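Okay, structure first, notes after.
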Amino acid sequence: MNDAMVAARSDEAQLAVPAYTFRRITRLEQRLTRRFALADTAITLPRTGISYRIARPAAFDPLLLAAANDPEDHLPYWTLVWPSGIALADRVLMECEQFVGQRVLELGCGLGITATAAVAAGASVVVTDYAATALLICQLNALRNTGRTPITLQLNWRRPPFALWSWAQTPFAHVLAADVLYEERDVEPLLHLVERLLAPEGMLWLAEPGRPVARHFIEAALQRGWHDEVRQQAGPWYAPLDAGVIVHVHCLRRSR
Ligand SMILES: C[S@@+](CC[C@H](N)C(=O)[O-])C[C@H]1O[C@@H](n2cnc3c(N)ncnc32)[C@H](O)[C@@H]1O
């Protein structure tokens, strides 16, 4: 280790990171801990066996209370570890040759487990979420685990901001979406968004745990000429309550 390297604190291991990365990690942790206490979780991806150290809010209930007046009735689901995010991270790493050097957009990044995998795979990643704090914690998790961060953009996919279209002047090669389809009102906006943002030959990677809304999205996509290849993943997942959840990882492309 040279002078520019310092040892980052870790329960599992002492990771050597450049001093500027360590300072960025510390700044992000400080910004987040002004809002809530952070807890650390080790997440192991079941197929690749890769482990990430993921920061998340230590408690859900205060954030639930804080969301009570949200104009869109948006609940802080971004704070939780979801099987779909883990399954999609695993799939990205298994297919990493498809992602290296590619422009990738993630919709609803949450804690950033999938985004971390996409950054690790060598993609140039833009992450989006309704919750500004999710974007910060996603940056922290990507930085801790890969030494790099995705670009972040706060958005409500029901009313996408102008900034999104300027990012999409060059379309994305891949769009990632893990467990974002649980409200019927999101089927049309999300399909419309993906159709505008994805390159004609691009791929939408959608991970979902069998919710009816996701099935409606897939049906609508197939009717509009998309082609679906789906694989199932059975865990094990992080939360004991998720035991038995089967995640469907769809790879959707437009038919030529
Ligand atoms: C169930 S969580 C999944 C998070 C992450 N993809 C994962 O699998 O761990 C759904 C995510 O979508 C985001 N989301 C929900 N509605 C949204 C909207 N209208 N616009 C943008 N993001 C939204 C939430 O904030 C949350 O991060």
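Among the residues of the range 75-87, is there at least one that is within 11 Å of the ligand (Cβ to nearest atom), of a type outside the set (Ser, Thr, Tyr) and at pLDDT below 95? Walk me through it before giving the result.
Start the filter on the range 75-87 by keeping residues that are within 11 Å of the ligand (Cβ to nearest atom), which leaves 75-87.
Checking which are of a type outside the set (Ser, Thr, Tyr) leaves us with 75-76, 78, 80-83, 85-87.
Add one more test, that the residue is at pLDDT below 95, and what stays is 75-76.
Within the range 75-87, one or more residues are within 11 Å of the ligand (Cβ to nearest atom), of a type outside the set (Ser, Thr, Tyr) and at pLDDT below 95.
Can you confirm whether ILE218 is within 13 Å of LEU190 (Cβ to Cβ), without any contact (Cβ under 8 Å) to a residue 60 or more places away in the chain and among the aliphatic types (A, V, I, L, M)?
Working: within 13 Å of LEU190 (Cβ to Cβ): yes; without any contact (Cβ under 8 Å) to a residue 60 or more places away in the chain: yes; among the aliphatic types (A, V, I, L, M): yes.
So ILE218 fits the description; yes.
Output the residues belonging to the range 55-67 that are farther than 20 Å from THR116 by Cβ, outside any loop (DSSP other than H, G, I, E, B) and within 12 Å of the ligand (Cβ to nearest atom). Residue satisfying the conditions is LEU63 alone. Here ASP70 passes the criteria (1) in contact with a helix residue (DSSP H, G or I) (Cβ under 9 Å, 6 or more places away or on another chain); (2) more than 10 Å from the ligand (Cβ to nearest atom); (3) within 16 Å of ASP129 (Cβ to Cβ) except the one numbered (1). Within the range 129-164, the set of residues being part of a helix (DSSP H, G or I), in contact with a helix residue (DSSP H, G or I) (Cβ under 8 Å, 6 or more places away or on another chain) and modelled with pLDDT under 95 comprises LEU164 only.
Go through the range 81-108 and report how many residues are in contact (Cβ under 8 Å) with a residue 40 or more places away in the chain and in a loop (DSSP other than H, G, I, E, B).
Residues of the range 81-108 in contact (Cβ under 8 Å) with a residue 40 or more places away in the chain: 81-94, 98-99, 102-108.
With the extra rule that they be in a loop (DSSP other than H, G, I, E, B), the set shrinks to 81-82, 102, 108.
Matching residues across the range 81-108 total 4.
For the range 109-128, a tally of residues being under 18 Å from PRO57 (Cα atoms), in a loop (DSSP other than H, G, I, E, B) and either of a type outside the set (Gly, Ala, Ser) or more than 16 Å from the ligand (Cβ to nearest atom) (or both) returns 2.
The values are calculated or read from the model by the stated rules, or taken from the named source; none is laboratory data. Since this is a predicted model, take the numbers as computed values, not measurements. Here Cβ is always computed from backbone atoms with ideal geometry, including for glycine, and neighbour counts include all displayed protein chains.
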